[in-house]
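Here is the structure we will look at, set down as structure tokens.
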Amino acid sequence: MTTATRTTRTSGTPPVTASSPAARPPATASAPSLPSLTGLRWVAALLVFGLHVRNFHYFGGTGDRYVTWAFGPGASGVSFFFVLSGFVLTWSARPKDRAVAFWRRRIARIYPVHLVTAALALLMAYTLAYQTKPEPSQAAANALLVHSWWRPWWQTLNPVSWSLACEAFFYAAFPLLALVLRRLGARGATALAGASVLAVLVLAWAETHQWTAEPISANPAARLPEFVLGAAAARLVLLDRWRGPGLEASLALAVIGYFLVPQVDPGYTSTACTIVGFALLIPAAAVADLRGLPSLWRHRRLVRLGELSFAFYMVHLLVLRAGTNVLGLSPRFGVATGLAVTAAAFALSLGLSWVLYEMVERPARRLLLGGRRTARQSPVPQPPMPQPAASQAARVGPTPGPGRTPD
């Protein structure tokens, strides 16, 4: 899970048009802010939360039917994260960056929160009821973020961390992918995006027809096309060659795909329903920010929640699992009680995510990166896009304070 980069602009600067000399500024310029992507991250995290509330059966009867309708496809939020990750990392890539420096920043971004939540999960396993105690090999695989490569390990400790193992694989591959992308023009990037969508469809077909030895929904290699698709879309936006539909139409297509998920087999196959909508929505939101077009997703509260979304994603399932010691394994409450319990779990998860963000994520990143410049100060390529400098997109950034390294 990544955060869009931020630019520092001063109001009163003339707008940059695609034809002006300023459209391609020097390499020292910082990449423009994409706060709508940060706001959308929160929505994706909320979908995953709703899915897990459904899975813990907080609601019975009519309430369960409505929650299943709204959040049954919530696992697609992880697919959104994968596409978004490829987009944002490509957007904020540093032209002369070294692989080791990139990997160091990625470790600083995700590893501290992962280790803390894994330690909490381990403590819960030995102190609370209804928890599974991991084998040493499982715990080691989880700590090293390789547990998604082997099915018996993938739900070890904090189950949602399986997606981090996929991200770790993406990060390992990204320096090579970035090298390829820099050499691609618009046609090459479009072809790469099309090949990525085709790969998702083929993998979904293969799993549906049981051509795979085991489910592939958590396999990092199987999820790589989603990441590459996001990266290819970012390349098109950087080249000012994105020609997809606007934000409203893209959102409509993403919502349609989301509600198509229950019509297909569970697992990886659902990715085929949402991949096109997500691949259109993310660059559409980015272009809306760049051109100063209206976007609900850049509202400052959504942006702030988006900053907390990684910590929220990592801690919410631990809260729900701990709640089984009080509520039981399948309480199936009525609507009123179910809503109250869900609100309590949400509030506790959000509060803990704030603690993780302020007390673990940000301080650990400063510690691990030392005195190095943050991404806001680092030279990254400026895309040749119209930039209304005094627009809301330029004023509302996804990073609230000093020391925040968005990528």
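Provide a single number: the residues in region 146-161 that are aliphatic (A, V, I, L, M) and open to solvent by 10 Å² or more (accessible area, probe 1.4 Å).
Of all residues in region 146-161, those aliphatic (A, V, I, L, M) come to 146, 157, 160.
Still in the running and open to solvent by 10 Å² or more (accessible area, probe 1.4 Å): 146, 157.
So the count comes out to 2.
Can you find a residue that is assigned to a loop (DSSP other than H, G, I, E, B), surrounded by 15 or more Cβ atoms within 10 Å (Cβ to Cβ) and not polar (S, T, N, Q) anywhere in region 115-123? No.
Within region 133-145, residues that are within 11 Å of residue 122 (Cβ to Cβ) and touching a residue at least 24 places away in the same chain (Cβ under 8 Å) reach partners that are open to solvent by less than 30 Å² (accessible area, probe 1.4 Å) and of a type outside the set (Ser, Thr, Tyr) with beta carbons closer than 7 Å, at six or more positions or on different chains, in the pairs 142/118; 142/157; 143/118. Residue 200 meets each of the listed conditions (1) of a type in the set (Val, Ile, Thr); (2) modelled with pLDDT of 95 or more; (3) out of contact with any Asp or Glu (no Cβ under 9 Å at 6 or more places or on another chain) apart from (3). Taking residue 303, is it open to solvent by less than 10 Å² (accessible area, probe 1.4 Å), touching a Gly at 6+ places or on another chain (Cβ under 9 Å) and under 30 Å from residue 345 (Cβ atoms)? So residue 303 passes the test. Per the listing 221, 195, 213, the residue uniquely open to solvent by 40 Å² or more (accessible area, probe 1.4 Å) and within 14 Å of residue 82 (Cβ to Cβ) is 221.
Taking every residue in region 174-186 that is farther than 8 Å from residue 231 by Cβ and β-branched (Val, Ile, Thr) and pairing it with any residue that is in a helix (DSSP H, G or I) and open to solvent by less than 30 Å² (accessible area, probe 1.4 Å), at least 6 positions away or on another chain, the pairs with Cβ-Cβ distances below 9 Å are 180/188.
Every residue, every condition in (1) of a type in the set (Lys, Arg); (2) in a helix (DSSP H, G or I); (3) under 27 Å from residue 286 (Cβ atoms), yes or no:
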site	(1), (2), (3)
192	no, yes, yes
198	no, yes, yes
202	no, yes, no
211	no, no, no
215	no, no, no
218	no, no, no
227	no, yes, yes
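Take the conditions at pLDDT 95 or above and open to solvent by 30 Å² or more (accessible area, probe 1.4 Å) and apply them to residue 164. Does it pass? For residue 164, the condition - at pLDDT 95 or above and open to solvent by 30 Å² or more (accessible area, probe 1.4 Å) - is not met. Exactly one residue out of 287, 355 is open to solvent by 60 Å² or more (accessible area, probe 1.4 Å) and part of a helix (DSSP H, G or I): that is 355.
The values are calculated or read from the model by the stated rules, or taken from the named source; none is laboratory data. Not measured: the values here are computed from a predicted model. Cβ sites come from the backbone with ideal geometry, for glycine too, and all protein chains shown count toward neighbours. These area figures cover heavy atoms from the full protein model, side chains too; ligands, DNA and RNA do not enter into them. Shrake-Rupley method; radii C 1.70, N 1.55, O 1.52, S 1.80 Å.
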